[in-house]
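Taking it in order: structure first as structure tokens, then the write-up.
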Amino acid sequence: MPVPEHPAAVDRHLLRDTAYAKLCDAIVDGTLTPGEALHDDALCGWLGLSRTPVRDALSRLRDERLVEMEPQRYTRVAPLRAEDVHDLVQLLAALHALATELAVPALGASELAALRRHNDSFFRALRAGDGEGAYAADDAFHGVFVASSGNTELAPVLEHLVPRLHRFEHLCDSGLPGRRSVAQHEAMIGRAELGDARGAAIAARANWMTLGAVFERSLTGTA
């Protein structure tokens, strides 16, 4: 049987993915600001793409709650809201607690060493005021548990939420997590070394709620 040839369909998918990636990055890093109106013609001109892949990308970003749409009224970058942070972090806390609990029985010496290495990098970045480095190290730290969890559904679900998390990291300017987060990481490692899956999961949930509190303080203006 000859290989089917559908170049137009492939091209559409590639263009849609290109539009999504560029728009997502621009929203996450604040190039497109919270509440900013998104007009098809301007976006098509900026991206050098036709309307169809741009609209497809906007629909995907709407599903990920990075864009808001009201037919015949507006398409805009989603605002930053404290209640959105709260809901997102609650979900992340539950998912990462599950990943941690599932992973602990499977962690070996190399994974435990990686956790300590990533937490050391996290601590050094915090001391240097390096937000990007701190959040990258934090992602890597929690990623060890996700990768070791044995649950193939967790990573795709978390990947769907990551752009919103990274947006809050970029745009909430109340400062970085402090020594409490480092200590919570240490608690997770210590519990994991003892084989205490439940205790490690409790520490993981507390760690994510601590991060959420940092974001919420930024958005509500509280000290």
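The values are calculated or read from the model by the stated rules, or taken from the named source; none is laboratory data. Here the structure is a predicted model, which means the values were calculated and not measured. Counting neighbours? That spans all protein chains shown, and the Cβs are built from the backbone with ideal geometry, glycine included.
Checked against the criterion of being within 18 Å of ARG81 (Cα to Cα) and surrounded by fewer than 16 Cβ atoms within 10 Å (Cβ to Cβ), the candidates THR220, THR152 yield just one match: THR220.
For LEU91, only one of the following conditions fails: (1) buried (at least 18 other Cβ atoms within 10 Å of the Cβ); (2) under 26 Å from SER218 (Cβ atoms); (3) in the same structural domain as GLU216 (by TED's automatic domain parsing). What is its number? Evaluating LEU91 over (1) buried (at least 18 other Cβ atoms within 10 Å of the Cβ); (2) under 26 Å from SER218 (Cβ atoms); (3) in the same structural domain as GLU216 (by TED's automatic domain parsing) leaves (1) as the failure. Being surrounded by 16 or more Cβ atoms within 10 Å (Cβ to Cβ), touching a residue at least 24 places away in the same chain (Cβ under 8 Å) and under 24 Å from ASP25 (Cβ atoms) is a property that does not hold for LEU126. Selection of the range 64-76 for residues being polar (S, T, N, Q) and either in a loop (DSSP other than H, G, I, E, B) or at positive phi (or both) yields only GLN72. Does GLU186 satisfy the condition of being more than 15 Å from LEU88 (Cβ to Cβ) and without any contact (Cβ under 8 Å) to a residue 40 or more places away in the chain? The answer is no for GLU186. Taking the listed residues ARG205, ARG179, ARG167, the one that is farther than 30 Å from ARG60 by Cα and assigned by TED's automatic domain parsing to the domain that holds HIS96 is ARG179, with no other qualifying.
Among the conditions (1) more than 25 Å from ASP25 (Cα to Cα); (2) surrounded by 18 or more Cβ atoms within 10 Å (Cβ to Cβ); (3) polar (S, T, N, Q), the only one that SER121 does not satisfy is (1).
Let's see how each residue does on (1) out of contact with any Ser or Thr (no Cβ under 6 Å at 6 or more places or on another chain); (2) surrounded by 14 or more Cβ atoms within 10 Å (Cβ to Cβ); (3) modelled with pLDDT of 90 or more; (4) not assigned by TED's automatic domain parsing to the domain that holds ASN151:
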residue	(1), (2), (3), (4)
LEU32	yes, yes, yes, yes
GLY35	yes, no, yes, yes
LEU38	no, yes, yes, yes
GLY48	yes, no, yes, yes
